[in-house]
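Asks: Please see the structure below; I have some questions.
Each value in this text was obtained by applying a stated rule to the coordinates, not by laboratory testing. Just so it is clear, the structure is predicted and the values come from calculations on it, not from any experiment. Backbone-built Cβ (ideal geometry, glycine too); neighbour counts: all protein chains shown.
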């Protein structure tokens, strides 16, 4: 597995070794020792899967009391996966990065805890899988507006399909500081 830096320190694109032949392909999608060798030492405790139609935008989500590092991949279709550094005191506070995840390239993205996360479905459908380092707690779900003008995320779409909850999210500037994670010097 190859670890490729993104614009945000600590957020990595992972490119697995894929063995292809006339039958199809084989790859390891998760190997804790190999990830640890790349510096990713999270213990993942929950797997999630979603299926989304083209133009669906999910996010930007995060948890505060139960922050989640995420290891994301696509098994059908393609998405634009986005991470935003929302950690108070981070030198990259408010910066974002994006990686196209695809069932063709079979790449992944690792997003540490303390980042908001979202994705846009680029193909007719996309099946999106992700591992989380803490359990989902519905009482701890938070979000940042996907179309926050100060973030300026280049989604490439003006009117995506979003949930009512995501449509009601505040911008990063409007979000009360006590509802944002803190940057710790030893992180990323």
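Asks: Among the residues of segment 74-83, is any under 18 Å from residue 180 (Cα atoms) and buried (at least 22 other Cβ atoms within 10 Å of the Cβ)?
Replies: Restricting attention to segment 74-83, the residues satisfying the condition of being under 18 Å from residue 180 (Cα atoms) are 82-83.
Retained after the next criterion (residues that are buried (at least 22 other Cβ atoms within 10 Å of the Cβ)): 82-83.
For segment 74-83, residues under 18 Å from residue 180 (Cα atoms) and buried (at least 22 other Cβ atoms within 10 Å of the Cβ): present.
Asks: Still on this structure, I have one more. Looking at segment 158-177 only, could you name the residues that are touching a strand residue (DSSP E or B) at 6+ places or on another chain (Cβ under 8 Å) and exposed (fewer than 14 other Cβ atoms within 10 Å of the Cβ)?
Replies: Of everything in segment 158-177, those that are touching a strand residue (DSSP E or B) at 6+ places or on another chain (Cβ under 8 Å) and exposed (fewer than 14 other Cβ atoms within 10 Å of the Cβ) turn out to be 163, 165, 177.
Asks: Would you tally the residues in segment 1-15 being within 21 Å of residue 82 (Cβ to Cβ) and either touching a helix residue (DSSP H, G or I) at 6+ places or on another chain (Cβ under 7 Å) or part of a loop (DSSP other than H, G, I, E, B) (or both)?
Replies: Total satisfying the criteria: 6.
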